[in-house]
Number of protein chains: 4
Amino acid sequence: MTPTATPGSDLTVAQLQRRLAEFAAARDWGRYHTPKNLAAALSVEAGELVEIFQWLTPEESARVMSHPGTAHRVEDEVADVLAYLLQFCEVLGVDALQALSSKIERNEKRFPSTGSGHSME
Amino acid sequence: MTPTATPGSDLTVAQLQRRLAEFAAARDWGRYHTPKNLAAALSVEAGELVEIFQWLTPEESARVMSHPGTAHRVEDEVADVLAYLLQFCEVLGVDALQALSSKIERNEKRFPSTGSGHSME
Amino acid sequence: MTPTATPGSDLTVAQLQRRLAEFAAARDWGRYHTPKNLAAALSVEAGELVEIFQWLTPEESARVMSHPGTAHRVEDEVADVLAYLLQFCEVLGVDALQALSSKIERNEKRFPSTGSGHSME
Amino acid sequence: MTPTATPGSDLTVAQLQRRLAEFAAARDWGRYHTPKNLAAALSVEAGELVEIFQWLTPEESARVMSHPGTAHRVEDEVADVLAYLLQFCEVLGVDALQALSSKIERNEKRFPSTGSGHSME
């Protein structure tokens, strides 16, 4: 990282995926990391992210980063979700970025930009 | 992308995040994309990923990519989870890669590699 | 209870739990119904319930039962959540009603009714 | 029901639903309890139930009630899931027991007991 780089700007998904794999291997966690367990762990962390917002109004939810304690919780849960997503992809050999790129291309055909309604699925 | 590149290998999170933001803006979906709603959508997609594995044994769960139909479902749900995670991060100004990198560093201190037990939190 | 009772009003959790157990036994689904799998299935169905509401405003969410199609989806997901909760409790010998009654008693002490803030946990 | 009944056996869903409604009303929590928020809270609690099981083998998951600490966590999360399910049903006027009874009847037609495969949906 150069001294002038935006923090995080030269991190890549591939590097993080490797660090996570080494972290798990060094602790002999491979036997826990079945795709089934990692998918469950991902959903648990997504639930913890939802928990931060569950009683907030839409307006309050837009301001969570202005409270340092809540901002830290949000970043922490984002990290957990991404960690399990990347570990899940690692054990199954899925390229998450490519999967998303392909999906965006499909959705560009399915949801012309003049259309109404809302869905990503 | 050069013609010889591995598919997906030169995609970056920042590029995908921009394409998702443009996609949503072109369809005027901004009003739906509160942090609260995006966190809920992320957890819904994580649930759809879990659904693929819910009745499988650990061994069966390791073989899902060898069935083309299931492999496609897995990639599709991975794309959806990542899409909502990146859109969530976009609206709140969270750098997901940096958040994960910081978390890995913290966890390296909390879970020395000789330790037993298992947790990422 | 009078013979003219509202439909459903004389159903009990115990009866439904027995019908679910017989249903699963008749189809030889016992091997799938580990506590781990049933907890995952419960969370998947909870996600499907959230999906109905994910893009709605709080006000819109209060009116879902006035649209017959959406009302049916809501009832269907409520049934699925309850089905997996009862099956989970059945395989582990947990009395869900008693667990909730005890929890309400504990919460009555933890959250005096003059208190401010909001939490059930 | 006789005086020697198992604890909890004479509790009913209707009574618990009323106690929960009174509990929330006494604390002025009604404004938080939109259907959307209660569905989110239900899914968060379902995630906390999954968390107990996420790294367990199927066999380990069947023995959770033999550890008092884990047994208490399980009962606590079951109580939370049921609490939010009943509060959700209360605000929308959904009869959860009737919804489940109707669903079991539909499923008895959809999944004849000689059939193979596994699904409740």
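Taking each DSSP H run with n ≥ 4 as -39500 (n - 2.57) and averaging over every residue of chain B yields -21000 deg cm²/dmol at 222 nm. Across the accessible surface of chain B, with the other protein chains kept in place and a 1.4 Å probe, carbon and sulfur atoms take up 53 percent. Electrostatic bookkeeping for D:ASN37 treats Lys and Arg as +1 and Asp and Glu as -1; over the other residues with beta carbon under 11 Å from its beta carbon, the sum is +3.
Which values of log₁₀ I(q)/I(0), to two decimal places, follow from the Debye formula for region C:32-108 at q = 0.22 Å⁻¹ with a uniform point scatterer at every Cα? Evaluating at q = 0.22 Å⁻¹ gives log10 I(q)/I(0) of -0.97. Protection proxy ranking for B:15-21, A:75-81, using the average of other Cβ atoms within 10 Å per residue and placing the highest first: A:75-81, B:15-21.
Considering only A:ALA99, A:ALA79, A:ALA62, and ranking their Cα positions along the charge dipole of region A:32-108 that arises from unit charges at the beta-carbon of Lys, Arg, Asp and Glu, the one farthest toward the positive end is A:ALA99.
Each Lys or Arg adds one and each Asp or Glu takes one away; over the other residues whose Cβ falls under 13 Å from the Cβ of D:THR57, this sums to +1. Under the criterion of Cα pairs below 8 Å and six or more residues apart, the relative contact order for region C:32-108 equals 44 percent. Taking both sides together, the accessible area buried where C meets B is about 1200 Å² for a 1.4 Å probe.
Between B:GLN15 and C:ARG63, the C-beta separation translates, for a Förster distance of 35 Å, into a calculated FRET efficiency of about 0.30. To the nearest 0.05, how large is the calculated FRET efficiency for C:GLU108 and A:LYS109 if R₀ is 45 Å and r is the Cβ-Cβ distance? Step by step, r from the Cβ atoms, then E = 0.20. Lys and Arg at +1, Asp and Glu at -1: add these up for the other residues within a Cβ distance under 12 Å of D:GLN17 and post the number. So the environment of D:GLN17 carries a net charge of -1.
The values are calculated or read from the model by the stated rules, or taken from the named source; none is laboratory data. Only a predicted model underlies this, so the values are computations on that prediction, with no experimental measurement involved. Note: ideal-geometry Cβ built from the backbone for every residue, glycine included; neighbour counts use all protein chains shown. The protein model used for the area step is the full one, side chains on, heavy atoms only, and it has no ligands, DNA or RNA in it. Shrake-Rupley method; radii C 1.70, N 1.55, O 1.52, S 1.80 Å.
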